[in-house]
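S.K.: Sharing a structure here in structure tokens format.
The values are calculated or read from the model by the stated rules, or taken from the named source; none is laboratory data. All figures in this text were calculated on a predicted structure; none of them were measured in a lab. Quick reminder, even Gly has a Cβ in these numbers, built from the backbone with ideal geometry, and neighbours come from all protein chains shown.
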Amino acid sequence: MITDIVTIFQDYWLLLLIGQYPNGPLGGLANTLILSALSIALAFPVSILMALARLSKWRLLRWPVTVLVYVTRGVPLLMLILWSYFLVPLMTGADVPSFVTMLTTLVIYQGAFLSEVVRGGIVALSHGQMDAAKALGHSYLGAMRFVILPQALYNMIPSILSTFVSTIKDTTLGYVINVPDLTFAASQVNNQLLTQPFQVFLILAVIYYVICWSLTHATHRLERRITRRRAGLSAGRTAPVVAPPVKIATEQP
Amino acid sequence: MTSLDRTGPQNGQDPTAIRIAGVSKTYGTYEVLKGIDVEVARGEVVVICGPSGSGKSTLIRTINRLEEINSGAITFDGQNIHAPMKTRDLNRLRSRIGFVFQSFNLFPHLSVVDNVSMSPIRVKGVSRDVAHDKALLLLDRVGLADKATAYPGQLSGGQQQRVAIARALAMEPPVMLFDEPTSALDPEMVGEVLAVMKSLAKDGMTMLCVTHEMGFARDVADRIWFIDAGEIIEKATPEEFFTHPRHPRAQRFLADLRH
């Protein structure tokens, strides 16, 4: 069993790593990492904009985004992916690469989820913070940028992290529209071997676990660093140890 | 101070710092403020007192438009704060009115010195170095120079409120508003905050304070406004107010305080 896995790894590591590149499109783990990183990097700012739109006093901004968030959250991701895969070329006539389709769909879907997390973080802050910023002459957006968001995002790190992790895992769904990612490569391997699905997909599971765990670990380190700095511990002085903030366990979507 | 000649605005030499004219505010059918008409002269220290729920805090929050009003006008710097205006103009007006909150509302993610220097940098465009030096001076003034690198969570309530005063002063406002600045403090910390406020008053700052500290009112205020059920029912000097309150409601309020 273990020897099987080692053999599979030795034979197919390059396919799992970069797909058929350079003879074909970049795939495998490399593509999964690129897709994940881009999805997170784009979904995060998008989610902040969506959260601000949801909190806006202008209906023209608030309503469309609210509808988008509700619809997106109420529909399975797989359905959205298939929809954009089949409908966008039908309606626009454009030949959209499946990678782009997958990226866009993920950004909108995870952006919608994340925007509710961000909105929750903003709403949970006391009104006093916005009042104080306004009283000092900050504009609404200035107050958001310098006062509200730094606190709201920090408080929401655990929930933001779990959305990031589920974004990474959701990249596997690109398989159904032939995005050549790690899952796609693993299934190619499986199709060639035919007899060792358990071993092949165990490798897949372990790789995904390591990626997600690394992100979790990195985020926890970041969070600890911010907490220490805000408690004044990095200043090197003896300061009262502040109890770590209570973490809110959030379910993953 | 109380008998300043009040003529109209004359090139910024208007002796009136804040003019509140016919201000009314309702929450649904409940009238919080019923046609308030008062003025604060430049350099004057006014203490607003009254029973809880009388509209004191609402009144002071309308002055920099943290609360909207239903009718009337509040004039500051020759402009009605409650007139329809661009938000940029409102922000500029607000930046010239210092406000100190009951619950301090320091920014917990910023160090003390950043709390004080952030708004001059971001709102007024002061350079980082200048704002930083100014912040240290102000912190020294409120007796907290040694806490510059601390974070608000490490400070006592009294220290936090003094930082909040320094933060408001950093914008160099000609007027300071205090909304029950000592009500959230442990008794032994009230004195340090009042001392800072007293020194501000001595320097000629125009101040409006909602407070229950009658000792402060007696020693520092030029005038006392007694507010009840949304109306200012007594405007008097501290001597008059504490020795001969005219309105029965004010008499009862003072009697209750003596218990």
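S.K.: Has region B:28-43 got any residue that is within 14 Å of chain A (Cβ to nearest Cβ) and over 16 Å from the mean Cα position of the chain (by Cα)?
M.R.: The answer is no, given that none of the residues of region B:28-43 is within 14 Å of chain A (Cβ to nearest Cβ) and over 16 Å from the mean Cα position of the chain (by Cα).
Let's see how each residue does on (1) surrounded by 15 or more Cβ atoms within 10 Å (Cβ to Cβ); (2) over 19 Å from the mean Cα position of the chain (by Cα):
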{"site": "B:Phe99", "(1), (2)": "yes, no"}
{"site": "B:Gln102", "(1), (2)": "yes, no"}
{"site": "B:Ser119", "(1), (2)": "yes, no"}
{"site": "B:Arg128", "(1), (2)": "no, yes"}
{"site": "B:His132", "(1), (2)": "yes, yes"}
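S.K.: Any residue at all in region B:187-199 that's part of a loop (DSSP other than H, G, I, E, B) and under 16 Å from the mean Cα position of the chain (by Cα)?
M.R.: For region B:187-199, residues part of a loop (DSSP other than H, G, I, E, B) and under 16 Å from the mean Cα position of the chain (by Cα): absent.
S.K.: Same structure again: If I filter region B:28-42 for residues that are crowded, with 19+ Cβ neighbours inside 10 Å and closer than 23 Å to B:Gly157 by Cβ, do I get at least one hit?
M.R.: no
S.K.: State all residues of region B:127-155 that are out of contact with any helix residue (DSSP H, G or I) (no Cβ under 6 Å at 6 or more places or on another chain) and either polar (S, T, N, Q) or within 13 Å of chain A (Cβ to nearest Cβ) (or both); if no residue qualifies, say none.
M.R.: Selection gives B:Ser127, B:Asp146, B:Gly153, B:Gln154, B:Leu155.
S.K.: Could you pull out every one of the helices (runs of 4 or more DSSP H) wholly within region A:73-169 that has 1 or more residues that are closer than 25 Å to A:Ala41 by Cβ?
M.R.: Correct list: A:77-92, A:98-124, A:140-143, A:149-155.
S.K.: Across region A:138-176, what is the number of residues that are more than 14 Å from chain B (Cβ to nearest Cβ) and of a type outside the set (Val, Ile, Thr)?
M.R.: Final tally of qualifying residues: 11.
S.K.: Also, quick follow-up: Within region B:37-60, is even one residue in contact with a Pro (Cβ under 7 Å, 6 or more places away or on another chain) and touching a residue at least 40 places away in the same chain (Cβ under 8 Å)?
M.R.: Yes: region B:37-60 contains one or more residues that are in contact with a Pro (Cβ under 7 Å, 6 or more places away or on another chain) and touching a residue at least 40 places away in the same chain (Cβ under 8 Å).
S.K.: Which of the residues that make up region B:221-249 are part of a helix (DSSP H, G or I) and buried (at least 21 other Cβ atoms within 10 Å of the Cβ)?
M.R.: B:Phe241
S.K.: Still on this structure: Can you find even one residue in region B:104-126 that is in a loop (DSSP other than H, G, I, E, B) and more than 11 Å from chain A (Cβ to nearest Cβ)?
M.R.: Yes - at least one qualifying residue is present in region B:104-126.
S.K.: Okay, next question. Only one of these is under 30 Å from A:Asp11 (Cα atoms) and away from every other protein chain (no Cβ under 14 Å): A:Val71, A:Val107, A:Val179, A:Val117. Name it.
M.R.: Of the residues listed, the single one that is under 30 Å from A:Asp11 (Cα atoms) and away from every other protein chain (no Cβ under 14 Å) is A:Val179.
S.K.: Would you mention how many residues in region B:146-184 are in a loop (DSSP other than H, G, I, E, B) and over 14 Å from B:Asp114 (Cα atoms)?
M.R.: Total satisfying the criteria: 10.
S.K.: Could we say that A:Val46 is at pLDDT below 90 and either small (Gly, Ala, Ser) or assigned to a helix (DSSP H, G or I) (or both) here?
M.R.: Criteria not met by A:Val46.
S.K.: Additional query: Inspect region A:52-62 for any residue being touching an Asp or Glu at 6+ places or on another chain (Cβ under 7 Å) and closer than 23 Å to A:Ser115 by Cα and give the result as yes or no.
M.R.: Among the residues of region A:52-62, not one is touching an Asp or Glu at 6+ places or on another chain (Cβ under 7 Å) and closer than 23 Å to A:Ser115 by Cα, which makes the answer no.
S.K.: Taking the condition at pLDDT below 95 and surrounded by 17 or more Cβ atoms within 10 Å (Cβ to Cβ), does A:Tyr85 pass?
M.R.: In short, yes.
S.K.: Hey, among B:Thr75, B:Thr87, B:Thr62, which residue is surrounded by fewer than 22 Cβ atoms within 10 Å (Cβ to Cβ), among the β-branched types (Val, Ile, Thr) and under 30 Å from B:His247 (Cα atoms)?
M.R.: Going through B:Thr75, B:Thr87, B:Thr62 in turn, just one is surrounded by fewer than 22 Cβ atoms within 10 Å (Cβ to Cβ), among the β-branched types (Val, Ile, Thr) and under 30 Å from B:His247 (Cα atoms): B:Thr75.
S.K.: Quick check on this structure: which one of B:Leu177, B:Leu169, B:Leu185 is away from every other protein chain (no Cβ under 14 Å) and touching a helix residue (DSSP H, G or I) at 6+ places or on another chain (Cβ under 7 Å)?
M.R.: After ruling out the rest, the residue left standing is B:Leu185.
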